[in-house]
Amino acid sequence: MSTDVLSLGGIAFDSYSTPGKMPFGGKQAMVVHKLPGGKRVTDTLGPDERNIAWEGKFFGPDALATVLAIDGMRAAGQVVPLTFAGQTRQVIIEEFLPDIRRLPNWVEYSISCLVQQNPALGNLSGSPTASIDNLVNDDLGSAASAAGASGTAGIPTSSSFGNDFAGTSGLA
């Protein structure tokens, strides 16, 4: 089955090292405000992907080299692609625990990957796409547009706002 391929950071897992199950999914992050009388107000905050964790075995002459390469990715802490069952995630290897059973041919392992991005859901890192100055300037621009013909020459931008108060020593 062509969609049943497991790959992590460019390392393809063979049929022996592929786990019997691959968990994925997650929760909906939310805050529930409980009100008097038993009512609730729920604020949904977006998807909270669960870690993708599995265990398996590497067997063969390259087992130790494969394990060392995966452990190097874990140590680097970089975002790497994880592909399984026709899906792709961008992950950080949070934990990788190999156990050498018979050197160098047999290594058992467990691994846990933090999902940084699920293309089906968008970026999960929470980093803003605009600076605070840009957001404030956009809001000031909207206010200026709303003021319309009444004149907007006196509306400051965020970069000039602090200059309006420079040199003041207090209340007059």
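Multiplying the residue separation of Gln28 and Asp4 by 0.36 nm and subtracting their alpha-carbon distance yields 5.9 nm.
Proximity of backbone amide H atoms, modeled 1.01 Å from N, is registered between Glu94 and Ser112, Cys113, Leu114 at under 5 Å, excluding neighbours fewer than 5 places apart on the same chain. Between Glu95 and Ala53, the modelled label-to-label distance comes to 0.5 nm, taking each label 7 Å out from Cα in the direction of the beta carbon. For Val5, nonlocal amide neighbours, meaning residues 5 or more places apart or on other chains whose placed amide H falls under 5 Å from its own, are Ala85, Gly86.
Applying 0.36 nm per residue to the separation of Ala75 and Trp106 and subtracting their alpha-carbon distance, the gain on full extension is 9.0 nm. For region 12-82, the solvent-accessible area with a 1.4 angstrom probe is 66 square angstrom per residue. Here Lys57 is the anchor, and the lysines within straight C-alpha reach of less than 17 Å, apart from those fewer than 8 places off in the same chain, are Lys21.
The values are calculated or read from the model by the stated rules, or taken from the named source; none is laboratory data. Since the model is a prediction, treat every value here as computed from it, not as a measurement. All Cβ positions, glycine included, derive from the backbone under ideal geometry; neighbour counts span all protein chains shown. These area figures cover heavy atoms from the full protein model, side chains too; ligands, DNA and RNA do not enter into them. Shrake-Rupley method; radii C 1.70, N 1.55, O 1.52, S 1.80 Å.
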